[in-house]
Amino acid sequence: MVARAFALFRCIALAALFASGVAHAFADEPPALPMIVAHRAGTADFPENTLLAIAGALEHRADAIWLSVQLTRDGVPVLYRPADLSANTDGKGAVENLGLTALQRLNAGWNFARVDAMGARTYPYRAHPLRIPTLEDALSAIPASVPVMLDMKALPAEPQAAAVARVLDRANAWQRVLIYSTDAVYQSAFAAYPRARLFESRDATRGRLAGVALAHTCAEPPQPGTWAAFEWKRQMELVETFTLGEARSPVIAQLWTPQALACFRARGEAHVLAIGIDNAEDYRAAACLGIDAVLADSPRTMQAIRSSIAMPLQCRANAR
């Protein structure tokens, strides 16, 4: 009973942080553990962006659910990420080429594989098909206290934004939803909806991180309450230009640093989601740095990692 009460309190507190932009812990307090956001509802645990994955993420106590959204031919927002249906299902072609009825005849778990100890692959959901859910289905399945992050995947942006807005209106879900896209056109597409809450554009986040890392400058910190998202570590190509040519070197860069966080929060509390954290070392480092949330493929794994970390968290003095 105590454990359930604590879990409920944590869920309510995290939802409040998400919705209102409550300030981060003060520097002289022990850092809190970052929110665990289930990437595509937990793409490593279950077929991604399905109601089964959502249920699994909730069972493993994910603090928020990240879902990929595209529009069907008849204008219904559904949960699917790749450009072609053949990537995850027994169909082919783009989501936008099929109406909802035809789309939901496909098996969203068709290509989801499990690998046993001997390295053999099995496809458990070929005999137990899962349909592609609508955004409305997903919002109904997720408790109102659990934040939802929508990754808008397809273009053009305006009809996608309008269709999502209609669903959020019907579900009265604007306050618990935060919208992300790698394409900056969604910033203007959702500007027509005053209740929309968006991550800042990826271009703005990338530019600020690059400025801190390469030029040691902090360009235009975001307004307080802003959410920003970028990879924890990212493979990049370093290009050096010389008189007689250029040299290119692949590097794996970690752009979230104490200096970067200080830049993002120079005007007040801005919130940071680090994409691609799936192990204990990175999760602990993100916590010590003061990252607010991490985007993880396996809520099951992250639940075990979080449970294994003793609090108050002990961090090196230069970690924050």
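The values are calculated or read from the model by the stated rules, or taken from the named source; none is laboratory data. In this text, all values refer to a predicted model and were calculated from it rather than measured experimentally. In this analysis, Cβ positions are derived from the backbone assuming ideal geometry, glycine residues included, and neighbour counts consider all displayed protein chains.
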Scope region 106-119; condition outside any strand (DSSP E or B), in contact with a Lys or Arg (Cβ under 9 Å, 6 or more places away or on another chain) and free of Cβ contacts under 8 Å to residues at least 12 places away in the same chain; matching residues: A113
Filtering region 169-192 down to residues that are surrounded by fewer than 18 Cβ atoms within 10 Å (Cβ to Cβ) and of a type outside the set (A, V, I, L, M, F, W, C) yields D169, R170, N172, Q175, T182, D183, S188
List every residue pair whose Cβ atoms sit under 6 Å apart, with the two residues 6 or more apart in sequence or on different chains, where the first one lies in region 260-273 and is over 24 Å from I36 (Cβ atoms) and the second, anywhere, is exposed (fewer than 15 other Cβ atoms within 10 Å of the Cβ). R267/P224; G268/P224
Of the conditions (1) surrounded by fewer than 21 Cβ atoms within 10 Å (Cβ to Cβ); (2) over 30 Å from W256 (Cβ atoms), P143 fails just one. Which one is it? (2)
Kindly indicate whether P124 is touching a strand residue (DSSP E or B) at 6+ places or on another chain (Cβ under 8 Å), modelled with pLDDT of 95 or more, crowded, with 20+ Cβ neighbours inside 10 Å and more than 29 Å from Y283 (Cα to Cα). no
Which condition number in (1) within 25 Å of Q187 (Cα to Cα); (2) touching a Gly at 6+ places or on another chain (Cβ under 8 Å); (3) among the basic types (K, R) is the one that R81 fails? (2)
Residue count for region 292-320, restricted to those that are crowded, with 20+ Cβ neighbours inside 10 Å and either over 16 Å from A62 (Cβ atoms) or small (G, A, S) (or both): 3
Would you call R166 surrounded by fewer than 20 Cβ atoms within 10 Å (Cβ to Cβ) and more than 17 Å from I142 (Cβ to Cβ)? yes
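Have a look at A210, A215, A191 and point out the one that is in contact (Cβ under 8 Å) with a residue 24 or more places away in the chain and of a type outside the set (D, E, K, R).
That would be A210, the only listed residue that is in contact (Cβ under 8 Å) with a residue 24 or more places away in the chain and of a type outside the set (D, E, K, R).
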Taking region 196-221 as the region of interest, how many residues are within 19 Å of W66 (Cβ to Cβ) and either assigned to a loop (DSSP other than H, G, I, E, B) or in contact with a Ser or Thr (Cβ under 9 Å, 6 or more places away or on another chain) (or both)? 7
Filtered residue count, region 262-271, keeping only those that are surrounded by 14 or more Cβ atoms within 10 Å (Cβ to Cβ) and under 11 Å from R208 (Cβ atoms): 3
Given (1) more than 30 Å from S188 (Cβ to Cβ); (2) touching a Ser or Thr at 6+ places or on another chain (Cβ under 9 Å), index of the condition R121 fails: (2)
Taking into account only those residues within region 173-194 that are in a loop (DSSP other than H, G, I, E, B) and of a type in the set (A, V, I, L, M, F, W, C), which is nearest to A144 (Cα to Cα)? A173
When the residues of region 36-91 are filtered to those that are among the charged types (D, E, K, R) and not in a loop (DSSP other than H, G, I, E, B), which remaining residue is surrounded by the most Cβ atoms within 10 Å (Cβ to Cβ)? R40
